[in-house]
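Novice: My questions will all concern the structure given below.
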Amino acid sequence: MILKTIRTSQIRSLFFPAVLLLTALWLSFLLPWKAYLFPEALNPLLPIDFTPDEQTFYQIAPERLYYTGCDALSKGQVSGHYYYSMTRERCQLYLLPRQKEDPAPILEHVTLKGVLREQQELLYQVTDSMAKELAWSQRRILELTCPYILDTVSESCLLNRILFLLLPSCILVSCAGFLRLLFYIIFPRLHPRLRRIRRETRNPYILIDLEDELSGGRTGCMQSLYLTEHYLINLADANFLFQPLEQICWIYTHKYFPGPFRRFRRGRLYFTWWNRSGRHFDIPLPPESDGDALIDEIGARCPDILLRYSPQNKLEAEKILKKRILYV
């Protein structure tokens with residue numbers, strides 16, 4: 001029964017890593033991995049008749065870049081700086097990421113990767129600023145300037161960079177989580193909870209003992225709580241709880257009102273027990289559950305256990321817990 005609970009819990013937990021893995025794989029197929037990882041190398045002197053593909057990443061390595069004096073704005077803030085490279089034959093514009101300090105007037109030996117976009121209105125604005133700076137005519141600069149600007153900071157470039165970094169991590173994490181859950185479905189006896197129980201109780205056969213009690217000695221049951229001859233066991237999920245009856249100090253049910261506006265919310269019912277080492281456990285139950293019947297049955301079996309919540313029982317429990325009778 002415990003192994004079945006572990007398997008069922010792990011199967012339910014498979015949903016999230018499976019969805020995450022499928023989503024990451026689907027997005028991976030949509031992204032231009034080859035274009036981003038292996039961009040097409042171009043000469044800074046682009047030919048006049050060159051027509052780029054906006055879905056392709058290009059790599060250009062100009063020897064020297066000059067600041068145009070123009071910046072790109074996004075939501076009222078500077079998002080990048082416009083630079084240019086110029087020879088006697090051609091002029092090429094570049095949009096580079098925003099620098100922490102003032103943009104450097106000259107950049108040397110840089111390798112840039114981005115997409116080539118045609119932006120005529122922006123081209124006129126930048127070349128007008130360049131004409132004033134160089135004391136040239138804007139018409140002459142336009143004749144030399146390639147109509148396509150190498151954009152390295154656009155939203156699509158940034159989104160692709162983020163996805164290229166996150167997707168491999170998501171695939172690895174979700175795949176590892178999926179395989180881990182699948183492993184414990186096939187081999188539930190190796191689940192960390194069972195290994196921890198064997199180590200804490202120093203009993204390698206504790207699972208057999210619990211299964212025997214659940215199969216042959218159950219005297220009470222409420223939701224996921226089972227009362228056996230020697231144990232109180234909760235099988236809500238793979239991290240199941242079990243407590244020897246002789247170590248229970250105080251047991252009761254109570255309602256908890258989570259979140260704000262507690263007086264207007266319906267409380268949640270909890271089944272709570274304290275053991276003699278000072279630890280307490282809260283098990284959520286449906287509101288219609290009859291916790292009193294299970295408490296009465298436990299009280300009939302173990303008269304030393306304090307039953308239900310009351311100020312007097314709270315004081316008695318505090319006296320018992322001060323003795324710190326540890327269970328090993």
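Novice: Answer yes if at least one residue in segment 133-153 is within 43 Å of the chain's Cα centre (by Cα) and assigned to a helix (DSSP H, G or I), and no otherwise.
Specialist: no
Novice: Then there's this: Among the residues of segment 107-116, are any of a type in the set (S, T, N, Q), closer than 24 Å to ASP53 by Cβ and touching a Lys or Arg at 6+ places or on another chain (Cβ under 8 Å)? Full working, then the answer.
Specialist: Of all residues in segment 107-116, those of a type in the set (S, T, N, Q) come to 111.
Within this subset, residues satisfying the condition of being closer than 24 Å to ASP53 by Cβ are 111.
Narrowing further to those that are touching a Lys or Arg at 6+ places or on another chain (Cβ under 8 Å): none.
No, every residue in segment 107-116 fails to be of a type in the set (S, T, N, Q), closer than 24 Å to ASP53 by Cβ and touching a Lys or Arg at 6+ places or on another chain (Cβ under 8 Å).
Novice: Looking only at segment 191-209, count every residue that is part of a helix (DSSP H, G or I) and surrounded by 13 or more Cβ atoms within 10 Å (Cβ to Cβ) and tell me the total.
Specialist: 8
Novice: Do you know which of the residues in segment 1-29 that are out of contact with any helix residue (DSSP H, G or I) (no Cβ under 7 Å at 6 or more places or on another chain) and open to solvent by 80 Å² or more (accessible area, probe 1.4 Å) is farthest from CYS175 (Cα to Cα)?
Specialist: LYS4
Novice: Could you tell me how many of the residues in segment 122-139 are in contact (Cβ under 8 Å) with a residue 60 or more places away in the chain and either surrounded by 15 or more Cβ atoms within 10 Å (Cβ to Cβ) or among the small types (Gly, Ala, Ser) (or both)? Break it down into steps so the answer makes sense when it comes.
Specialist: Filtering segment 122-139 for residues in contact (Cβ under 8 Å) with a residue 60 or more places away in the chain gives 129-130, 133.
Then keep just the ones that are either surrounded by 15 or more Cβ atoms within 10 Å (Cβ to Cβ) or among the small types (Gly, Ala, Ser) (or both); that gives 129-130.
So the count comes out to 2.
Novice: Something else now. Go through segment 116-170 and report how many residues are modelled with pLDDT of 85 or more, aliphatic (A, V, I, L, M) and in contact with a Cys (Cβ under 6 Å, 6 or more places away or on another chain).
Specialist: Number of matching residues: 1.
Novice: Sticking with this one: So in segment 83-121, with the set limited to residues that are under 22 Å from LEU142 (Cβ atoms) and polar (S, T, N, Q), which one is surrounded by the fewest Cβ atoms within 10 Å (Cβ to Cβ)?
Specialist: GLN120
The values are calculated or read from the model by the stated rules, or taken from the named source; none is laboratory data. Fair warning: this is a prediction, and the values are worked out from it, not measured in the lab. All Cβ positions, even for glycine, are placed from backbone atoms using ideal geometry, and neighbour counts span all protein chains on display. Surface accessibility is based on the protein's heavy atoms, side chains included, excluding ligands, DNA and RNA. Shrake-Rupley method; radii C 1.70, N 1.55, O 1.52, S 1.80 Å.
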